[in-house]
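Below you'll find the structure, written out as structure tokens, and then a few comments.
The values are calculated or read from the model by the stated rules, or taken from the named source; none is laboratory data. Everything quoted here is computed from the prediction, not taken from an experiment. Glycine gets a Cβ as well: all are built from the backbone with ideal geometry, and neighbour counts include every protein chain shown. Ligands, DNA and RNA are excluded from the accessible area calculation, which covers all protein heavy atoms including side chains. Shrake-Rupley method; radii C 1.70, N 1.55, O 1.52, S 1.80 Å.
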Amino acid sequence: VLLAARLIAERPNSPGYYDCFVDRGMFPIHDAGGRSVAFGGRVIPGREQPNSGKYLNSADSPVFSKNRLVYGLDVARPAIVAAGTAIVTEG
């Protein structure tokens, strides 16, 4: 299940698996309906790994596509509806 969810991956040069989000604080990513569809992870200060970014999201899957999801929309939706407007920014 963890492999299918892309939370672990097969080791390239030896048998077994590794944690894709090692040394990261994890948070769920929800779709517009509030369902958890992926995870994001921020590196824990002082635990940085060479060639790894500060933030890491789950890989695209049948239930998660970073290009089609607005992070936090499930939480912001009531305020957007009440105001009748939304301001969307990148980054």
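Restricting attention to region 53-62 and to residues that are more than 9 Å from the chain's Cα centre (by Cα), without any contact (Cβ under 8 Å) to a residue 40 or more places away in the chain and surrounded by fewer than 13 Cβ atoms within 10 Å (Cβ to Cβ), the residue that is nearest to Arg6 (Cα to Cα) turns out to be Pro62. None of Val63, Val81 is β-branched (Val, Ile, Thr) and modelled with pLDDT under 95 except Val63. Among the strands (runs of 3 or more DSSP E) confined to region 1-47, there are none with at least 1 residues that are farther than 14 Å from Pro62 by Cα and out of contact with any strand residue (DSSP E or B) (no Cβ under 9 Å at 6 or more places or on another chain). Within region 1-29, residues that are within 13 Å of Gly41 (Cβ to Cβ) have Cβ atoms under 8 Å from residues that are of a type in the set (S, T, N, Q) and open to solvent by 80 Å² or more (accessible area, probe 1.4 Å) in these pairs: Val22/Gln49; Asp23/Gln49, counting only partners at least 6 apart in sequence or on another chain. Does Asn67 satisfy the criteria of being assigned to a helix (DSSP H, G or I) and either loosely packed, with under 12 Cβ neighbours inside 10 Å or on the phi > 0 side of the Ramachandran plot (or both)? When the stated conditions are applied, Asn67 passes them.
Between Ile44, Ile87, the distinction of being farther than 23 Å from Leu2 by Cβ and free of Cβ contacts under 8 Å to residues at least 40 places away in the same chain belongs to Ile87 only.
Looking at the structure I just gave you, is Val81 open to solvent by 60 Å² or more (accessible area, probe 1.4 Å), among the aliphatic types (A, V, I, L, M) and either in a helix (DSSP H, G or I) or touching a residue at least 60 places away in the same chain (Cβ under 8 Å) (or both)? Here the answer is yes, as Val81 does meet what is asked.
Go through region 28-52 and report how many residues are open to solvent by 70 Å² or more (accessible area, probe 1.4 Å), closer than 27 Å to Val81 by Cβ and in contact with a Phe, Trp or Tyr (Cβ under 7 Å, 6 or more places away or on another chain). Residues that pass the stated criteria total 0.
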